[in-house]
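Peer 1: Got a structure for you, written out below as C-alpha cells; questions coming shortly.
Each reported figure results from applying straightforward, stated rules to the coordinates on display, with no laboratory input. Nothing here was measured: the structure is a model prediction, and the numbers come from that model. In this analysis, Cβ positions are derived from the backbone assuming ideal geometry, glycine residues included, and neighbour counts consider all displayed protein chains.
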C-alpha cells in the first residue's frame, strides 16, 4: 500500500527449519541491486504508507550512508535518544546504502542479536547518518526467535495484478490529520522527548502533525470527530 513503489522485495526463507540463523547466514552472500537496503523482519509492519516516498526523497537529497527512522516496539518508540544504544535500535530502524551493505553484510553473526553487532560495526566507521523523523513501523510481538502464526489476513487487493490501481486506491483512502484536530491517546507510550498516558489529549499543529500522525498510524492514539470537546493535558 506504499505510495511509492520504487523498491524491490527480496524474500529469504528458512529452508532448513532452524530459524533466524538460516536467514542470517544468507546475508553474508546476499547481493542487492537497489541503492539502499532495509532488513525487514517478518514480525514487523509498516504503519506509514508514505514511508518509501519519504525515504527516497531524503536519500536523493542527502545521499547518506545510513538512514535511521523510528519504530514502535511494545508501546515504546525506539530509538529513544542519540546515539542509539543496544536494545533500543534494531533492523526496523536502520536503512543502509548498498556500499555499506556489501561492506558489512558479513559483520552480521549467524545468531540471535546479530542486528546489534551489524549496527555497531557500521556506526564505528563514522558513516554519514541522516535522521528521518518518521514512525515507520511497529513490531507485532517480540518473537525471541520462536515460530509464529499470525492471526491476521492480508487485504484481498494486495494480490491485485494492477499495482497502480492499488496504490491509487490507497492514496484516495488516505486520511491525513489537519491542524486543529483533536487526538486522544489510547495506550501509554514514551520516548526521551515525551510521555503520554491513556486519556491524554493533543491538538494537531503544523509543528507536531508528523509526530501525532505517527501515533495514530501506530494505534497509540485516535482522531476525534470535528468539534469534539476535550480537556487537554
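Peer 1: Would you calculate the separation in nanometres between label points at residue 15 and residue 80, each defined as 7 Å from the Cα along the Cα-to-beta-carbon direction?
Peer 2: 4.1 nm
Peer 1: To continue, here is another question. Please pull out the direction-averaged projected area of region 1-51, using the convex hull of its alpha-carbon atoms, in nm² to one decimal place.
Peer 2: Averaged projected hull area, Cα only: 4.3 nm².
Peer 1: On to the next question. If the viscosity is 0.692 mPa s and the temperature 37 °C, what Stokes-Einstein diffusion coefficient in µm²/s follows for region 182-223 when Rh is the Kirkwood radius over Cα pairs?
Peer 2: After rounding, the answer is 326 µm²/s.
Peer 1: Kindly rank 94-101, 180-187 from highest to lowest mean number of other beta carbons found within 10 Å of each residue.
Peer 2: Descending packing order for the listed peptides: 94-101, 180-187.
Peer 1: Which semi-axis lengths, in whole Å and largest first, follow from the square roots of five times the eigenvalues of the Cα gyration tensor of region 1-107?
Peer 2: Sorted largest first and rounded, they come to 21, 18, 16 Å.
Peer 1: Take the Cβ-Cβ distance between residue 42 and residue 206 as r, set R0 to 35 Å, and report the resulting FRET efficiency rounded to the nearest 0.05.
Peer 2: The pair residue 42/residue 206 has a calculated efficiency of 0.45.
Peer 1: Sketch the reach of a paramagnetic label on residue 4 as a point 7 Å from Cα along Cα-to-Cβ, and name the residues of region 52-78 whose backbone nitrogen lies under 20 Å away.
Peer 2: 52-72
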